[in-house]
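None of the figures in this text is laboratory data; all of them are computed from the coordinates on show. No experiment lies behind these values; they were computed from the predicted model shown. Here the Cβ is made from the backbone with ideal geometry for all residues, glycine too, and neighbour counts use every protein chain on show.
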Amino acid sequence: MNDRTVRDREQMLRRDLKGRDITDPRVLKVMAEIPREEFIPQPYKSQAYADGPVPIGMDQTISQPYIVALMTQELRVNSDCEVLEIGTGSGYQTAILSKLVKKVYTIERFRQLSESAQAVLASLGIRNVEFYVGDGSCGWPPTETFGGRPQERCFDRIMITAAVPKIPLPLLRQLADGGFIVAPVGYEGVQELVLGEKRADKLIQRVICDVRFVKLLGQYGFEE
């Protein structure tokens, strides 16, 4: 890591995270450790620690560091959590979560992005992530149990990293009771970042702030 990268990372932590409302020491620690520049396409590597989104191809972006940290902090993860991430993208958010939880299951609709993310995470020695290419709005695909009956997975936490018109029903079904889901909800332009807690099949929601994300395309997301 060169001197500029070190300075940029320290400035990100001091100004864009600690200087705002990121206070969870676990989140700050992992944001300091994961090399964000490894997830950035070569033409944009100089912007790796700038507090703004960066293009990663396929009309997708890597979210600004502050939003990555905020969504992670709001999700209230712990080392026993199994987390479902909708929208692997560059894999940066995946990597951040992987250092804080038991296992991450991540879905990406673009195979090229998923394979790129898998390569970067493998190079960093991250092994507690399972990848799937498909429609994230439908949730994690059921697994077959003994007897051939499909068994739907259940997750302690769910993070959606693309805008949805509303929380997809399949994801609500896959969220454990007492679990949390964080997602940007809304239509064109600005959306609301929403935190939901599942209590006895009801979702108690709280708006965190306004955000701007690319759309989640899929059966329970936006139409192409």
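Things to note:
- The stretch 176-196: number of residues that are assigned to a strand (DSSP E or B) and closer than 17 Å to Gly218 by Cβ: 5
- Applying the condition of being surrounded by fewer than 23 Cβ atoms within 10 Å (Cβ to Cβ) and charged (D, E, K, R) to the stretch 84-108 and asking which residue is farthest from the chain's Cα centre (by Cα) yields Lys102.
- Inclusion of Leu169 among residues that are touching a residue at least 12 places away in the same chain (Cβ under 8 Å) and in contact with a strand residue (DSSP E or B) (Cβ under 6 Å, 6 or more places away or on another chain) is not warranted.
- Top-ranked residue of the stretch 6-38 - restricted to ones that are β-branched (Val, Ile, Thr) and within 15 Å of Tyr92 (Cβ to Cβ), ranked as surrounded by the most Cβ atoms within 10 Å (Cβ to Cβ): Val27
- Restricting the stretch 39-83 to residues that are under 21 Å from Arg157 (Cα atoms), of a type outside the set (Gly, Ala, Ser) and surrounded by fewer than 17 Cβ atoms within 10 Å (Cβ to Cβ) leaves a set whose member that is farthest from the chain's Cα centre (by Cα) is Asp80.
- Entry remark, the stretch 67-80: residues being in contact with a Lys or Arg (Cβ under 6 Å, 6 or more places away or on another chain), within 19 Å of Ile22 (Cβ to Cβ) and either in a loop (DSSP other than H, G, I, E, B) or of a type outside the set (A, V, I, L, M) (or both) number 1 in total.
- Counted residues, the stretch 158-198 - those being of a type in the set (S, T, N, Q) and closer than 25 Å to Pro142 by Cα: 2
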